[in-house]
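Asker: Shown below is the structure under consideration.
Only the coordinates and a few stated rules stand behind these numbers; no lab work does. Because the structure is a prediction, the values reported are computed rather than measured. As a convention, Cβ positions derive from the backbone with ideal geometry for all residues, glycine included, and neighbour counts pool all protein chains shown.
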Amino acid sequence: MLLAPLAAQAEGFGVPALMAELASVRSGQAHFTERRTMALTPEPLQSQGFLRYWAPDRLEKQTLAPTPGDLLIEGDMVTVSQAGQPTRSISLRATPELAALVSGLRATMAGDLATLQRYYTLRLQGEAVDWQLDLVPLDQRMKAVVAGIRISGSGATLRRVVTEEAGGDRSEMLITPDAP
């Protein structure tokens, strides 16, 4: 996901090759900058912090600014904590739409093609050194929440994640891997 050498793939690049490349990453850390555009706010909201990943299913998003907070996805649970507020935990089994959304990012990072195909139609463009994977939800309930997710990268390194919500809100996360 976040840090990995680029495998040389002169030909035959496609979803299976990308998933194999992504599956080779066991852990990683990166900085992120996120810009969220919402209809209810006049200006985009910006945040920054760290992402940490441990294969196959642990993802942590530590926001440093503007408001410190943590989001931990591990197994079936999502745990959210923010300064001055009680920690909340949400079961992904109890919220199928959230489970599908989380699975889009986490299964991409894990190279888990079967899970991605369970929730999304996949469209891959580009080549190993500069690819873009579009995830379009299959489930109508999910489509009511998320119109699509676009993940861009190079080899096994994710660089950008754009989430387009059904209501028009948008989130764009730029990812900068930490040096190994």
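Asker: Would you pull out the residues with amide H under 5 Å of Asp178's amide H, same chain only if 5 or more places away, H placed 1.01 Å from N?
Answerer: Gln29, Ala30, His31
Asker: Moving on. Loop-only check: which trypsin sites (Lys or Arg not before Pro) in region 88-180 are DSSP coil with at most 11 other Cβ within 10 angstrom? Intermediate results must be reported in sequence, preceding the final value.
Answerer: Values: sites: Arg88, Arg93, Arg106, Arg118, Arg123, Arg141, Lys143, Arg150, Arg159, Arg160, Arg170; in loops: Arg93.
In loop regions of region 88-180 (DSSP not H, G, I, E or B), the sparsely surrounded trypsin sites (Lys or Arg not before Pro) are Arg93.
Asker: Per-residue ellipticity at 222 nm for the chain, helices alone: DSSP H runs ≥ 4 residues times -39500 (n - 2.57), over residue total, nearest 500 deg cm²/dmol?
Answerer: Values: 4 runs with 35 residues, N = 180.
Taken over the chain, the calculation gives -5500 deg cm²/dmol.
Asker: What FRET efficiency do you get for Arg118 and Glu43 if R0 is 45 Å and r is their Cβ-Cβ distance, rounded to the nearest 0.05? Provide the component values of the computation, followed by the final result.
Answerer: Values: r = 37 Å, r/R0 = 0.82.
Plugging the Cβ-Cβ distance into 1/(1 + (r/R0)^6) gives 0.75.
Asker: While we're on this one: For Gln140 paired with Val80, estimate the spin-label separation in nm (one decimal), with each label point 7 Å from Cα along the Cα-to-Cβ line.
Answerer: Simple spin-label model gives 2.7 nm for this pair.
Asker: Then there's this: If the only charges are +1 at each Lys and Arg Cβ and -1 at each Asp and Glu Cβ, what is the size of the charge dipole of region 15-177 around the Cα centre, to the nearest 20 debye?
Answerer: Details: 17 positive and 18 negative charges, 24 e Å.
Dipole about the Cα centre, nearest 20: 120 debye.
Asker: With a point put 7 Å past each Cα toward its Cβ, work out how far Val15 is from Leu64 in nm, to one decimal.
Answerer: 3.7 nm
Asker: Using only the alpha carbons of the chain, what is the convex hull's orientation-averaged projected area in square nanometres? Each step should come with its number before you reach the end.
Answerer: Details: hull surface 41.0 nm².
Mean projected area of the Cα convex hull: 10.3 nm².
Asker: What ranking do Leu174, Leu101 get, fewest neighbouring Cβ atoms within 10 angstrom at the top?
Answerer: Working: Leu174 16, Leu101 21.
Neighbour counts put them in this order, fewest first: Leu174, Leu101.
Asker: Could you please report the charge total around Ser91, scoring K, R as +1 and D, E as -1 over all other residues with beta-carbon less than 12 angstrom from its beta-carbon? All intermediate terms of the calculation are to be shown ahead of the outcome.
Answerer: Working: positive: Arg88, Arg93; negative: Glu74, Asp76.
Here the charged neighbours net out to 0.
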